[in-house]
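Down below is the structure, laid out as structure tokens.
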Amino acid sequence: MSSLVQILKPLDPEGSLPLYQQLQRAIREAIETRVLGPDDALPAERQIASDLSVSRITVRKAIEGLVEEGLLVRRQGSGNFVAARIEKNFAKLTSFSEDMRSRGRTPHSKWLKRAEGAVTPEEALTLRLSPGAPVYRFHRLRFADDAPMCLEFATVAADCLPSLEAVGKSLYEALETAGNRPVRALQRLRALLLNAEQAKLLHAREGDAGLLVERVGFLRDGRAVEFCQSFFRGDTYDFVAELSSPNE
């Protein structure tokens, strides 16, 4: 695709909306109607500005807004792309980082909290720990490229990691290094509406549809090692599972 002129509605310099908002609306409509498909690359900002006879500042502002909405993603060194929905296979126990890398996305995280403390009654019941047992808590905002994908709140039994600082980019990599990576898990999926704080962090709107995934990971000997609650934007993730007949 060398030009957006042929597929976008013309921009009106005399219109009631600023040009960058008109451009945002035009690109948004092209994505929603599948004129622009998942992983389609947009032309360079300079090319868009030339084709539409607007300034590069206008184009950049429009694209930045769509990136914040999660409709576009920036890939360093490659440009701007239409965001693709992520499919998460419930049948495979993989980390967020592994899921993103397998789809050609670059995962990274923003730490919201990293702390040591005593297990709560809910955590003690879920992880089968004694009251007052030490745990590590890891709260992160997870990204794919530049798009926020989920809020993750993980609690790990403290005896499964050498220290709080052992977790860097990936919790599962740290657990694997310590010899305590989960080999099976129980997961529960629930629909919800994002509250104000969740929506702000995920670049969504308060009340937008979201998904809560609760996971309890177990070691080979049956011990529970992690309890994780992940909040996803409902418009970015599809959860799939392969089913088979009980007779097979």
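The values are calculated or read from the model by the stated rules, or taken from the named source; none is laboratory data. Source: prediction; values computed, not measured. Note that each Cβ is placed from the backbone with ideal geometry, even for glycine, and that neighbours are counted across all protein chains shown. The area values use the complete protein model at the heavy-atom level, side chains included, leaving out ligands, DNA and RNA. Shrake-Rupley method; radii C 1.70, N 1.55, O 1.52, S 1.80 Å.
Can you tell me which residue within the stretch 1-58, out of those that are in a loop (DSSP other than H, G, I, E, B), within 18 Å of residue 81 (Cα to Cα) and of a type in the set (Val, Ile, Thr), is most open to solvent (accessible area, probe 1.4 Å)?
This residue is 33.
Scan the stretch 66-78 residue by residue and report those that are part of a helix (DSSP H, G or I) and farther than 17 Å from residue 36 by Cα.
Passing the criteria: only 68.
Look at the stretch 134-193 and say how many of its residues are among the basic types (Lys, Arg), closer than 19 Å to residue 99 by Cα and at pLDDT below 95.
Number satisfying all stated conditions: 5.
State yes or no: is residue 204 crowded, with 18+ Cβ neighbours inside 10 Å and outside any helix (DSSP H, G or I)?
In short, yes.
With respect to residue 88, is the statement that it is under 23 Å from residue 170 (Cβ atoms), charged (D, E, K, R) and modelled with pLDDT of 85 or more true?
No, not satisfied.
What strands (runs of 3 or more DSSP E), lying completely within the stretch 89-171, carry at least 3 residues that are touching a residue at least 40 places away in the same chain (Cβ under 8 Å) and open to solvent by 20 Å² or more (accessible area, probe 1.4 Å)?
107-118
Quick grid of which residues meet (1) at pLDDT below 95; (2) under 12 Å from the mean Cα position of the chain (by Cα); (3) within 16 Å of residue 147 (Cβ to Cβ):
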position	(1), (2), (3)
200	yes, no, yes
205	yes, no, yes
209	yes, no, no
213	yes, no, no
216	no, no, no
226	no, no, no
229	no, no, no
232	yes, yes, yes
235	yes, yes, yes
